[in-house]
Amino acid sequence: MSPKSQTLFHFTKSEDKLKSILLNGFYPNYCLEDCRWYYSKTNYVAVIMTCFCDIPLSRISNHIDTYGHYGIGLSREWAVSKHLNPVIYISEDSNLYNSLMDIANTDLIIDNYNDKKEFKSQLRMLRAHVKPLEGNMVIEGVDKYVKFYKENEWRYVPTGRRCIVNKATYDDKPILDELFERAKKDPLKFKATDIKYIFVEKEVEVLPMIHFIRSSKLPRSDVLATRVLSMETIVRDV
């Protein structure tokens, strides 16, 4: 059994969000991240991203219980072409951890950077792809302890915008809405040929989703209709 899937999966709790993804692509959004491993002044910062995993379907049940039973699976080739990258899981007090902390706290500016602002922007992009082995995350407003390294996470973190904001900014709805509207102008797109799976929660939802695909006149809708499966069936049979 392969420890990694050749398909990258994105799951959501909402059928409407899945339909939006099929119609518009992925809109990166800000998600709270446990940052105590490198920043002691606050528990969380928010990172703008779209998350995927390459957990094999035979081991997906715990993952979807957390993130939702609606989803889409896209080819690994698509992910690489769109500059997605696996998350780096970091062990506290490891050599990598200590090196990253030294970089974060140094006043030395690398010759290739013209100023500290540019340097810090690149450092934030690095931090946006690093997670502790385990820690807290906020799910529907509730802190939950998660072993992150089991999630096989890949991330799309868009460039050219504030990829990390502090908790105060995240809690300021007008500011966050403005940042999100900027992100919506540049969604993460895919073609019908990139799609390997479309997941609904229940078997009874398969035919309505096929009808939605065809009535929405999505490109290659007849092919996409064959990609629709229920997680109810996957969890039972795989």
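Of the residues in segment 13-25, not one is of a type in the set (Gly, Ala, Ser), closer than 21 Å to Asn136 by Cα, touching a residue at least 12 places away in the same chain (Cβ under 8 Å) and not in a helix (DSSP H, G or I). For Val45, state whether it is in contact with a helix residue (DSSP H, G or I) (Cβ under 9 Å, 6 or more places away or on another chain) and at pLDDT below 95. Considered against the rule, which asks whether it is in contact with a helix residue (DSSP H, G or I) (Cβ under 9 Å, 6 or more places away or on another chain) and at pLDDT below 95, Val45 comes out as yes.
Residues in segment 186-226 that are touching an Asp or Glu at 6+ places or on another chain (Cβ under 6 Å) and either outside any loop (DSSP other than H, G, I, E, B) or at pLDDT below 95 (or both): Glu203 alone.
Selection of strands (runs of 3 or more DSSP E) fully inside segment 66-184 by the criterion of at least 1 residues being among the charged types (D, E, K, R), surrounded by 16 or more Cβ atoms within 10 Å (Cβ to Cβ) and at pLDDT 90 or above returns 130-132, 153-156.
The values are calculated or read from the model by the stated rules, or taken from the named source; none is laboratory data. The shown structure was predicted, so the numbers you read here are calculated from the model rather than taken from an experiment. All Cβ positions, glycine included, derive from the backbone under ideal geometry; neighbour counts span all protein chains shown.
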